[in-house]
Amino acid sequence: MLTDMDISSRASLKNITELGADLGLLPEEMMLFGHTKAKVELSVLQRLAGQRKGKLIIVTAVTPTPHGEGKTVTSIGLTQSLNVIGQKACACIRQPSMGPVFGVKGGAAGGGYAQVVPMQEMNLHLTGDIHAVSSAHNLGAAAIAARLFHEARLGKTEFEAQSGQAFLAIDPNEIRWHRVVDHNDRCLRQIHVGLGDNNGPEYESSFDITAASELMAILALSHDLADMRARIGRLVLALNTQGQVITAEDLGVAGAMTAIMADAIKPTLMQTLNGSPCLIHSGPFANIAHGNSSIIADDIALRLADFVVTEGGFGSDMGFEKFCNIKVRQSGQAPAAAVLVTTLKALKANSGLATEVDSNAPDQARLEAGFANLNWHINNVARYGLPVVVAINRFATDSDAELQWLMEAVNASAAFGCEISDAFSQGEAGAIALAQTVVRAAETESQFKLLYPDEASLEAKLSTLAEVGYGAAGVSLSIEAKQQAQQLTALGYGHLPLCMAKTPLSISHDPSLKGVPKDFVVPVRELVLHAGAGFITALVGNVMTMPGLGLKPGYLKIDIDAKGEIVGLG
């Protein structure tokens, strides 16, 4: 079979204006970036304000493994197949971060014959949104450092006289807004700034990856430009010496930060291999942020299509949980059904049994042990009141007997249905049955529900997420986390939902605990306020907000050939 890059480069693409017109966009509602991508103007939402909305499908997966489960392949394949069976469908997915592209994944546009094309444009820069987020975020960090410098240099009276601005009395030990870069770079996790003459005051700081920026979450959760401006104004950048919050509005930098992101708020339209539309927007990670594409992209697509297929990052305990408890809370748009992606390899890897074996070889014992993980995820999705369709992403080496056993096991579970997907190898033709089953599931009356109410205390929300959301025996807060919970409640933020930042490699906080862990306690080490995004992040275990590059990073394969074409992605 051809490589992903070969398939992408040989694809016959629609002109982006034709693709937009087929979706229902007017020429003036598209800002063109060449022939293969375009920004979608938000004026389309005003034009279609009274339009009946289509049905939203959320794609999730079992606990991820190094083999790759093919969640994006399934999302794109399902979208392609829905269009083939006569349903007008559009995909909505996140923009890839260059951190994982050059680090582990090598790309995030799907694969095989179920991918967004051109994949090199999708994976590298796209229309610059992530760079805009980085620039706006770092402007906020520079503004805090500059105000701290000048206030320390001049003192209250002279500062106010010379600047015409209020003296903020920033506490250098309480600066909450650090810096970001769109690469994996572990040496930036802890830094010291302000070194040298006339550069201080000195204080401890850090870099996060851009996908972990609160601005990225705001981009994903805003309803329009005015909403994004208001959210950026609410960003808590630091505390003053009296323990009161200092916002981007207080600092006077919120307007400029918004201006940098004025075009980033517009989703980017691209296409799949069979010419199905795909809106790509925002890129929050699911292990350290809320892991879903934007409310705006969903809203536009739902007004133009019968079905909108989106996905949450990692397993159902990660991006799907955050989709429900964070994104739906703010969008008001509940999904009609869910698709849960699995593979034979994934279940064997999640079995908790021997791993030093050939995952391609039939192994009924490991498969049956690993099914417990899939069954947990089925029940987890059903907990939110949604019909769940299991998609078994087929690999060429899969055993027909094992596939048949798995189909029967799923059909005896709480799942609405189960289908094998060959979208990777066959494109839209390989997911027809899956599309038909998803349509039937979406026609049922779902009873969507949240996991916890807004009015619950932060401690109660943490306990619910740990015990109900993960099956833990309980939750343990560090002394610092307990103090932060009390402080955040006192400051008026106790009503916000939680974004759990934990490992994606286990339902628990410990990546070594496979299958369905029991009797574990979730250790919460820190609570971080994201007032603009509208949630509080709970840092669990040793999860990092700045990844590091591995021993054999993805960039080793990426290059330019003699024709000037990018090679090695995917």
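The values are calculated or read from the model by the stated rules, or taken from the named source; none is laboratory data. Predicted model only: the values in this text are computed from it and were never measured. Quick reminder, even Gly has a Cβ in these numbers, built from the backbone with ideal geometry, and neighbours come from all protein chains shown. For accessibility, only protein heavy atoms count, side chains too; no ligands or nucleic acids. Shrake-Rupley method; radii C 1.70, N 1.55, O 1.52, S 1.80 Å.
Scanning the stretch 107-127 for residues that are modelled with pLDDT under 90 and open to solvent by less than 10 Å² (accessible area, probe 1.4 Å) yields A109, M119, M122, N123. In the stretch 68-79, the condition of being among the hydroxyl-bearing types (S, T, Y) and open to solvent by 40 Å² or more (accessible area, probe 1.4 Å) is met by no residue. Listed by position, the strands (runs of 3 or more DSSP E) inside the stretch 113-194 whose residues that are under 30 Å from G70 (Cβ atoms) number at least 2 are 114-117, 179-181.
Each row is one residue, and each column tells you yes or no for (1) surrounded by fewer than 14 Cβ atoms within 10 Å (Cβ to Cβ); (2) within 22 Å of the chain's Cα centre (by Cα); (3) not in a loop (DSSP other than H, G, I, E, B).
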site: V524; (1), (2), (3): no, yes, yes
site: L529; (1), (2), (3): no, yes, yes
site: A533; (1), (2), (3): no, yes, no
site: L539; (1), (2), (3): no, yes, yes
site: G550; (1), (2), (3): yes, yes, no
site: G564; (1), (2), (3): yes, no, no
site: G570; (1), (2), (3): no, yes, no
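Applying the criterion of being polar (S, T, N, Q) and more than 16 Å from A338 (Cα to Cα) to the residues of the stretch 32-62, the residue that is surrounded by the most Cβ atoms within 10 Å (Cβ to Cβ) is T36. If the condition is being open to solvent by 10 Å² or more (accessible area, probe 1.4 Å) and touching a strand residue (DSSP E or B) at 6+ places or on another chain (Cβ under 8 Å), then the stretch 355-385 contributes only A382.
Only one of the numbered conditions (1) closer than 13 Å to V133 by Cβ; (2) at pLDDT below 95 is violated by G243, and that is (1).
When you look at F371, is it within 23 Å of the chain's Cα centre (by Cα), over 22 Å from I326 (Cα atoms) and not in a loop (DSSP other than H, G, I, E, B), yes or no? Talk me through it step by step, then tell me what you get.
Details: within 23 Å of the chain's Cα centre (by Cα): no; over 22 Å from I326 (Cα atoms): yes; not in a loop (DSSP other than H, G, I, E, B): yes.
In short, no.
Taken over the stretch 494-509, the residue count meeting the criterion of being within 17 Å of N325 (Cα to Cα) and open to solvent by 40 Å² or more (accessible area, probe 1.4 Å) is 1.
Note on the stretch 168-204: residues that are farther than 20 Å from R153 by Cα and touching a residue at least 40 places away in the same chain (Cβ under 8 Å) total 12.
Tell me, which helices (runs of 4 or more DSSP H) wholly within the stretch 416-488 include 3 or more residues that are open to solvent by less than 10 Å² (accessible area, probe 1.4 Å)? I'd like the intermediate steps shown before the answer.
Working: elements: 423-426, 432-443, 458-464.
Ranges flagged: 432-443, 458-464.
In the stretch 178-202, the residue that is modelled with the highest pLDDT out of those that are over 30 Å from the mean Cα position of the chain (by Cα) and open to solvent by 40 Å² or more (accessible area, probe 1.4 Å) is L195. Once the stretch 406-415 is narrowed to residues that are without any contact (Cβ under 8 Å) to a residue 60 or more places away in the chain and outside any helix (DSSP H, G or I), the residue that is least open to solvent (accessible area, probe 1.4 Å) is S413.
Of all residues in the stretch 137-177, exactly one satisfies the criterion of being surrounded by fewer than 16 Cβ atoms within 10 Å (Cβ to Cβ), at pLDDT below 95 and among the basic types (K, R), namely R153.
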